[in-house]
Amino acid sequence: MFALRLYSLLPIIVALPSLLEGARILAIFPYPGPSQYINVVPYLKTLASRGHEVTSVNAFPQKKPVKNFRDIAVLEVFQSYDDIISEVSEAKNSWDENNFINEFFISVTKAVLNNAEVQRELLPHGKAQYDLIIVEALRTDALYGFAAHFNAPIIGISTFGTDWNIDELVGNTAPLSYIPLVTAGLSDRMTYWERVHNFVETSVAWVNWKLKYHPVQVKLYEQYFPHVAKKVPLVELSRNFSLVLLNQHFSLSFPRPYVPNMIEVGGLHISHKPAPLPKDLEDFIEGAGSAGVIYFSLGSNIKSKDLPEERRQMLLKTFASLPQRVLWKFENDQLPGKPSNVFLSKWFPQPDILAHPNVKLFITHGGLLSTIESIHHGKPVLGLPFFYDQFLNVERAKRAGFGLGLDHKEMTSEELKNTIQRLLTESSFATTAQQMSARYRDQPMSPQETAVWWTEYVLRHKGAHHMRVAAQDLSFVEYHNLDVLGTFVGIIVIVLVAATLIVCKLFGLGKSQKVCNRKKLKDQ
Ligand SMILES: *[C@@H]1O[C@H](CO)[C@@H](O)[C@H](O)[C@H]1NC(C)=O
C-alpha cells in the first residue's frame, strides 16, 4: 500500500527540483572593457534572482556575493587590452584595423580557454552541466563550442547592436544599401559614394574574417573541444543560435528588419528609478542656478588623464570661461589650475546625474551606453568620438538633431565653446532629445524585462528552434539565388545566340552586317 503511494508520487518528486531550481546558465562575457559588462550584468543578476543558477565568465567579478550567481574571473584578458585601443585608432587602413580587432579577439578567446578555472570546471568532458549558454557575440567563435560541449541552446548578446558578423548567427537580412557598417561612421541614408564606401569596408571586414581569422577560431575550437569538434563543425554552431539580443532600439538608431529571433533590448542596463545623488554632488548641481550644469565624461575605456597635457589645458581653459558648472569625470585627484566651476571625480553615478533636471548637456565620447542614457533622460550631447562605434553614434545624434560632434584632436577652445553654447541656447537640441526620450520609453516592457522574457522563452521551448529562419541551412549560392539567376542568364544567352543565327540565316547574309560577317569568317 505504502509502496504504491510512493510510486504514484514519484513523477511529482522527479519534476519538482527542475521547477524549483530553474536553469543552470553559463554566461561568457570576457571582454575587458567595463561598459560591455555593465550593460549585461543587471540582466544576469535578474536571471539569478528568478531562481536560475548563473555562472558568469567575466573580467569584473562581483565584490559582494550575489545569490545564485558565481563568477569565473578571467583577468588574463587585460593583458592585450591596453595595446588594442591605441593600435586600432592608429591603424593605417581598414585591413590593418580588422587585423588588430580580430587578433585581439583571438587573444581573448585563448585567455578564456587557458584560464585555470575554466580548464578545471568547464572543459573536462562530462564534469559540469548547463542548460543554457549566453555569450557575448564578438568574434570569439571558438567559445560557441560550449553549446555543443554542454548540448545546450545558445543565446548571443551584442552590446552595440548587430553587424554582418552577428547577423550570420541567426541569418538576419541586412542590405548594405541602407545598413551602414558600425565602424564606418555613416547613417542609413547614404549617398552613392557612401554606399560604395560601405560596400568596400564591409567586404574588407568580411574577407579578413573569413579567410584569415575564422580559420584560427576553428583551430582553437578543434583544439579545446576535441570530442565535439569531430561531430559538429564550428560553422554549424555559429549558425545555430536560438536568440540574439541587441543593445539597440529603432528609436535610438534607425528602423531596420530583424528575423524573429533577433530582439532589440537597447538600454538593457538602465534601471528606471534614479537613485538620490550624494550630498556634495547635489549641492554643486543645484548651486549652478539657471545657467545649469554640463556633465563631461569620456567613459570607462578612455581616461581623461591619457589626453595630452595641451588638450587638457585647453578643456580647462574653456570650462573656466563658461557660466555653467561642469562635472568632469577625471581619474586623477589633482588637476592643477582647476577652476571653481569644475567638479572633479573619478566616478560619477552617471544615470542619476543625467536624470537631474539642472544637468543640461552631456559631453561624451559617444559610447553606446552613454548615448542611450542620454536619450533615456532626454539630454542633448556633444560627441567627441575616439573609437569603434562611437563615430556612428555621434553621427546619429547629429542627424537626429539632439547633438553635435567635434574632433577631440583638432578642436580649438573657441570651437568647443561655441558648440557648447549652441547646444545650450538653440532650443531644438533639447526639444529633440526630449522627443527621442518619449519615443524610446514608450515600450510594452522594459528592455531588461524583454531580455529576461525571451531568455526564458528559449528555455521553455528547448532552444526555440522554430524561430530559426531557413536561411541558416542554405549555402551562399542558394541564399543569394545565384544558381537561379545563373539559369536565367544562361537561357537568355542561348536564346540570343539562337535568334542571331536565325536572323543571319534568313536575312543577314549581306556584307554590311558585322555580326553575321564575323560568324561567316569563323565558319570559313
Ligand atoms: C542546434 O540547436 C538545437 C536547439 O538548441 C539543438 O537541438 C541542435 O542539436 C543544435 N544543432 C547543432 C548542429 O548544434
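When you look at ILE285, is it at pLDDT 90 or above, of a type outside the set (S, T, N, Q), within 23 Å of TYR37 (Cα to Cα) and in contact with a strand residue (DSSP E or B) (Cβ under 6 Å, 6 or more places away or on another chain), yes or no? So ILE285 fails the test.
Taken over segment 430-471, the criterion of being hydroxyl-bearing (Ser, Thr, Tyr) and buried (at least 16 other Cβ atoms within 10 Å of the Cβ) is satisfied by THR432, SER437, TYR440, SER446, THR450, THR455. Taking segment 370-415 as the range and being polar (S, T, N, Q), over 16 Å from the mean Cα position of the chain (by Cα) and closer than 20 Å to ARG439 by Cα as the test, only SER374 passes. Taking the conditions (1) under 22 Å from ASN261 (Cα atoms); (2) outside the structural domain of LEU26 (by TED's automatic domain parsing); (3) among the β-branched types (Val, Ile, Thr) in turn, VAL469 satisfies each one other than (2). On the given criteria, is ALA397 modelled with pLDDT under 95, at negative phi and buried (at least 18 other Cβ atoms within 10 Å of the Cβ)? Taking the combined requirement at face value, the residue satisfies it. For segment 128-144, a residue qualifies if it is closer than 21 Å to MET262 by Cα and either surrounded by fewer than 24 Cβ atoms within 10 Å (Cβ to Cβ) or more than 12 Å from the ligand (Cβ to nearest atom) (or both), and the qualifying residues are ASP131, ILE134, VAL135, GLU136, ALA137, LEU138, ARG139, THR140, ASP141, LEU143. Restricting attention to segment 1-40, the residues being part of a helix (DSSP H, G or I) and either at pLDDT 95 or above or over 19 Å from VAL118 (Cβ atoms) (or both) number 25.
Do you know which residues across segment 230-281 are in contact (Cβ under 8 Å) with a residue 40 or more places away in the chain and within 12 Å of the ligand (Cβ to nearest atom)? Within segment 230-281, LYS231, VAL232, LEU234, LEU237, SER238, ARG239, ASN240, PHE241, SER242, LEU243, ASN261 meet the criteria.
Quick grid of which residues meet (1) touching a Phe, Trp or Tyr at 6+ places or on another chain (Cβ under 6 Å); (2) among the β-branched types (Val, Ile, Thr); (3) closer than 23 Å to HIS272 by Cβ; (4) free of Cβ contacts under 8 Å to residues at least 12 places away in the same chain:
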residue: PRO42; (1), (2), (3), (4): no, no, yes, no
residue: ALA48; (1), (2), (3), (4): yes, no, yes, no
residue: GLU53; (1), (2), (3), (4): no, no, no, no
residue: LYS67; (1), (2), (3), (4): no, no, yes, no
residue: GLU76; (1), (2), (3), (4): no, no, no, no
residue: TYR81; (1), (2), (3), (4): no, no, no, no
residue: LEU113; (1), (2), (3), (4): yes, no, no, no
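Being under 20 Å from TRP454 (Cα atoms) and without any contact (Cβ under 8 Å) to a residue 40 or more places away in the chain is the requirement here; does ASN151 meet it? In short, yes.
Within segment 371-380, is even one residue surrounded by fewer than 18 Cβ atoms within 10 Å (Cβ to Cβ) and in contact with a helix residue (DSSP H, G or I) (Cβ under 8 Å, 6 or more places away or on another chain)? Looking through segment 371-380, none of the residues is surrounded by fewer than 18 Cβ atoms within 10 Å (Cβ to Cβ) and in contact with a helix residue (DSSP H, G or I) (Cβ under 8 Å, 6 or more places away or on another chain). Restricting attention to segment 436-492 and to residues that are closer than 30 Å to PRO380 by Cβ and in a loop (DSSP other than H, G, I, E, B), the residue that is farthest from the ligand (Cβ to nearest atom) turns out to be ASP442.
For the condition more than 16 Å from the ligand (Cβ to nearest atom), touching a residue at least 12 places away in the same chain (Cβ under 8 Å) and more than 25 Å from LEU369 (Cβ to Cβ), THR419 does not qualify. Filter segment 219-229 for residues that are aliphatic (A, V, I, L, M) and more than 15 Å from the ligand (Cβ to nearest atom) and give the result. If the condition is that a residue be aliphatic (A, V, I, L, M) and more than 15 Å from the ligand (Cβ to nearest atom), then LEU220 is the only one that fits. Scanning segment 375-395 for residues that are in contact with a strand residue (DSSP E or B) (Cβ under 9 Å, 6 or more places away or on another chain) and farther than 18 Å from LEU246 by Cα returns HIS377, LYS379, PRO380, VAL381, LEU382, GLY383, LEU384, PRO385, PHE391, VAL394, GLU395.
Filtered by the rule that a residue be within 20 Å of LEU315 (Cβ to Cβ), of a type in the set (S, T, N, Q) and at pLDDT below 90, segment 346-394 gives a lone residue, GLN390.
Just one residue in the set VAL196, VAL182 is more than 16 Å from the ligand (Cβ to nearest atom), over 23 Å from VAL41 (Cα atoms), aliphatic (A, V, I, L, M) and modelled with pLDDT of 95 or more; that residue is VAL196.
The values are calculated or read from the model by the stated rules, or taken from the named source; none is laboratory data. Here the structure is a predicted model, which is why all the values come from computation and not from measurement. Positions of Cβ are generated from backbone atoms using ideal geometry, with glycine treated the same way; all protein chains shown enter the neighbour counts.
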